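What follows is a set of notes on a single structure, which appears directly below.
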Amino acid sequence: MYAYYARLALKSFRRNRGLTALMLGAIALGIAVCIMTMTVYHAMSGNPIWWKNDRLYAVTMDNWDPLRPHDLQHPDLPPQQLTYKDALYLLGSNIPERKVVMYARQSVLSGGTAERKPLPVSTRVTTSDFFAMFDVPFLYGGGWDASGDQNAVPVIVLSKEQNEKLFGGANSVGRTIRWDDLEFRVVGVLDAWSPVPRFYDLNNGAFSASDDVYIPFGWTRPLAKYPNGGSSNCWKPETVNTFQEFLGSDCVWTQMWVELPTRASRERMQGLIDGYWAEQRKAGRFPRPRDNRLTNIGQWLKDQSVVQNDNRMLVGIAFAFLAVCLLNTVGILLAKFLNAAAIAGVRRALGASRRQIFIQHLIEVGVLASVGAVLGLALGALGLLGVHALYVTNDPGNVIANARGGYQQLTHFDAISVLWAVLLALGSALAAGLYPAWRIGRVAPAVYLKSQ
Amino acid sequence: MSLDIRPVFSSLLRNRTGAVLVAFQIAIALAVLVNAVFIVHQRIEKMNRPTHLDDQNLFGMQIGEFTDRFNYDASVREDLAYLRGLPGVVSASVTNSVPMGVSGSAQTVWTQPDSKGNRAHINYFSMDEQGLNTLGVRLISGRGFRANEILPPLNETNAGDFVPQLIVTQAVAQTLFPNQNALGKAVYDSVGHASTIIGIIDNMIGTAYWGYEAVDHVAIMPQLPRLYGFDYLVRTEPGRRDAIMRTVEEHLATSNPDRVIKWTRSLEYYKKLLYRDDRNMGVFLITVTALLLAVASLGIFGLATFNVSARTKQIGTRRAIGARRADIVRYFMVENGLITTAGIVVGCALALGVGYWLSLQYQLPRLDLYYLVGGVLALWLIGQLAAWQPARKASAVSPSVATRTV
């Protein structure tokens with residue numbers, strides 16, 4: 001019976017080729033536009049480490065100017081980063097299961113196997129927990145131990161991409177390379193890892209690529225170089241001439257994350273921070289009202305406005321467009337079904353029930369929706385290529401991490417978006433067909449039998 | 001001649017659903033069209049903002065020094081001499097960052113010591129005496145820097161120093177000294193170092209890192225940059241930028257083994273990057289709006305065509321009892337006009353509502369009513385155009401159709 005209904009549907013499509021094409025086009029276009037905006041939105045609003053959402057917390061303390069907030073556009077938010085001295089103090093705590101203090105630097109790699117030009121790279125100077133805390137996968141070797149948090153241990157971890165450039169992808173653990181002309185030993189090579197958005201450092205572009213190399217945080221003091229890769233912000237009228245003075249200043253430039261698996265540990269950590277705050281306040285620091293936060297990743301991404309207003313608007317417009325496409329389809333289906341009401345009338349007179357007429361037409365709609373969904377998916381994939389092209393700026397000096405966009409990943413079609421798209425397509429098209437199919441099911445047979 | 005709205009209207013009432021669906025399409029189309037055009041127009045205005053720089057003929061390159069052997073003074077002197085000696089180069093300067101770029105430095109200055117008086121957050125560029133000419137920014141009053149005024153770079157022992165002289169944009173001058181001439185006035189950094197404004201320049205675009213609203217709050221400082229890295233900025237004669245970029249990149253990549261060229265990029269590249277999201281938003285909005293109008297008008301067209309073929313017999317009957325072709329055309333046009341008008345009335349409310357909501361939600365300016373008037377006219381026209389061909393087809397129905405079948 002269903003096969004027969006499907007055959008009837010095909011016949012009906014052939015009867016009105018133009019209208020069928022119009023409906024298919026409308027469904028496909030509406031779906032394609034929605035898929036495009038939803039895919040980008042989905043990637044932007046995603047939580048790339050959702051499985052640790054209730055364990056990982058960004059640590060912030062409002063050490064800012066008593067007269068004005070850190071960010072005038074978001075006066076309710078404390079600075080995203082900590083001062084070196086506060087981060088160092090909190091790093092001494094045993095409460096978190098893991099803790100990371102870090103910042104970005106731009107530096108130059110030389111050496112490696114191939115005789116090659118020195119290579120500018122972005123470096124993450126970080127404490128040892130970074131890799132385990134953020135579930136960073138290793139291809140070869142591993143990270144370093146906690147001694148690197150305090151001391152300038154000359155070990156380095158390379159990203160997969162850098163290892164390919166420097167060592168042709170071979171296992172380079174144990175090899176030496178020069179980082180800003182200092183000798184470092186490779187202890188680990190990462191596997192591909194590029195979270196979108198780059199939650200752990202949104203300051204340097206939420207959709208930038210991951211860092212190229214990683215070195216221990218203990219290098220900060222001996223290097224004695226002003227941070228040149230991230231952002232450092234100061235507010236306090238204080239003389240900062242030497243690097244030592246900079247480390248002791250109220251300038252914020254380090255990022256801190258802690259892993260707190262339980263509610264109790266979270267409360268203890270908050271207590272520690274608040275206690276430290278109170279002590280420092282007595283000593284004349286922290287002039288603003290107390291605002292020490294442990295923020296989980298989901299909230300962090302929201303606070304830092306990773307998803308832009310434009311993307312929200314685009315999703316809205318895409319759905320308005322889909323609505324027009326569907327209204328269009330409803331109108332055409334209705335007219336089409338009612339025009340062929342005489343046939344339905346005859347079927348009813350010959351014994352078909354209302355239900356059967358309804359199902360017959362619903363199947364016609366279903367076939368239409370399926371074809372429209374497939375077309376829409378294909379169109380959407382094409383459209384995403386176009387979106388990708390729009391975002392990739394042809395960069396003649398494409399070396400530093402900042403300019404390499406993560407838009408590849410934003411426009412990437414993943415399994416979830418495909419599933420979404422198919423559900424959206426079938427759901428919306430069936431919704432469009434439901435009313436017309438119901439209406440035609442209500443046709444009274446007698447009227448159509450009288451004439452002719 | 002009357003339009004005979006009554007019979008059209010009552011027949012529409014008889015067959016409401018189709019008409020209502022079309023009206024809703026028109027309503028949504030109007031709301032999207034009006035707001036999209038409004039937003040796109042704002043973005044175009046933003047992108048057309050003058051940079052007050054010679055941005056078409058500028059390029060920058062970032063230098064990475066990475067060994068202790070690197071001799072900053074000798075290297076910069078040598079590189080600048082090379083750059084300035086190249087045929088086709090108008091001028092070149094060292095700078096701490098490239099205008100319109102993705103990174104830069106800023107600090108706050110006050111009109112009185114001890115962080116008092118008016119304040120301005122300035123995005124500064126540390127350049128040498130060729131800085132202004134390299135940027136191509138117009139000096140409104142005062143003067144540029146002389147060679148003997150350029151300070152050596154800050155280092156790890158004097159990073160807190162301030163420059164004794166400054167050149168600022170008009171926007172900064174007005175923020176600090178509203179309704180006064182800022183030239184010759186002193187400004188102070190947070191710890192009370194004073195600096196005199198010796199020149200005022202056009203509102204050149206700096207770095208948008210601190211928000212696009214304050215992108216022209218820019219100052220030029222007479223100092224060689226180094227502490228946070230340094231770049232070269234080169235201005236070429238029109239049309240020669242790309243060739244010179246290649247030559248320079250090749251030469252500098254090998255002329256000194258103690259530094260690398262991190263990148264070489266035109267300012268055009270950075271300008272594109274700066275407005276990339278606006279441009280993409282515009283492209284997307286225009287595309288979706290155009291598709292939406294196309295789908296809606298095709299829908300009107302399709303439905304009208306369908307109605308005409310479904311009513312062939314009735315049309316024939318009307319023709320047989322004396323209706324002229326023009327009457328038939330008018331019937332369908334009036335029908336379309338009624339539906340479109342209903343849709344437009346709903347659409348106006350929807351457009352204003354969406355516009356109001358957007359202005360609240362995203363801090364956009366309120367929808368300008370001219371856009372609504374334009375949108376209404378456009379949709380009415382689109383509706384009538386979409387119905388025109390089916391109406392003509394209807395008028396071609398022969399009166400004899402009425403007599404053929406019952």
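Per-structure values
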{"item": "Axial C-alpha extent at least 15 Å, average Kyte-Doolittle at least 0.0 - helices from chain B (DSSP)", "result": "B:16-47, B:276-310, B:325-361, B:369-395"}
{"item": "C-alpha center-to-center spacing [the stretch B:317-385, the stretch B:5-36] in angstrom", "result": "8"}
{"item": "Simple Cβ-charge dipole of the protein assembly as shown, Lys/Arg +1 and Asp/Glu -1, about Cα centre, in debye nearest 20", "result": "5920"}
{"item": "For B:292-304, mean number of other protein chain Cβ atoms within 10 Å", "result": "6"}
{"item": "Distance in nm between pseudo-label sites at A:Ala342 and B:Ala310 (7 Å out along the Cβ direction from Cα)", "result": "1.4"}
{"item": "The stretch A:85-101-the stretch A:245-315 distance, computed between alpha-carbon centres (Å)", "result": "13"}
{"item": "Calculated FRET efficiency for the pair B:Ala290/B:Asp4, C-beta based, R₀ 22 Å, to 0.05", "result": "0.05"}
{"item": "A:Thr176-B:His41 FRET efficiency (beta carbon distance; Förster radius 51 Å; 0.05 resolution)", "result": "0.30"}
{"item": "Gain in span if fully extended, A:His42 to A:Lys11, counting 0.36 nm per residue against the direct Cα distance", "result": "7.2 nm"}
{"item": "Descending semi-axes in Å of the stretch A:167-301, equivalent ellipsoid built from Cα gyration tensor", "result": "32, 23, 15"}
{"item": "Normalised convex hull volume, the stretch B:71-255, alpha-carbon set, Å³ per residue", "result": "121"}
{"item": "Distance between modelled label sites at A:Tyr2 and B:Val191, nm, 7 Å Cα→Cβ extension", "result": "7.9"}
{"item": "In nm, spacing of pseudo-spin labels at A:Ser93 and B:Ala396 (7 Å Cα→C-beta vector)", "result": "8.1"}
{"item": "Value at 222 nm in deg cm²/dmol, rounded to 500, when DSSP H runs of n ≥ 4 in chain A each add -39,500 (n - 2.57)", "result": "-15500 deg cm²/dmol"}
{"item": "Over chain B, relative contact order from alpha-carbon pairs under 8 Å, at least 6 apart, %", "result": "28"}
{"item": "Relative contact order %, the stretch B:71-255, counting alpha carbon pairs below 8 Å whose residues are six or more apart", "result": "32"}
{"item": "Computed FRET value (nearest 0.05) for B:Leu13 with A:Leu72, which takes r as the C-beta separation and R₀ as 56 Å", "result": "0.45"}
{"item": "Relative contact order (%) - chain A, alpha-carbon pairs under 8 angstrom, separation at least six", "result": "28"}
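Just so you know, all these numbers are worked out from the coordinates, no wet-lab data involved. On a predicted model such as this, the values are computed, not experimentally measured, just so you know. Note that we place each Cβ from the backbone using ideal geometry, even for glycine, and neighbour counts take in every protein chain shown.
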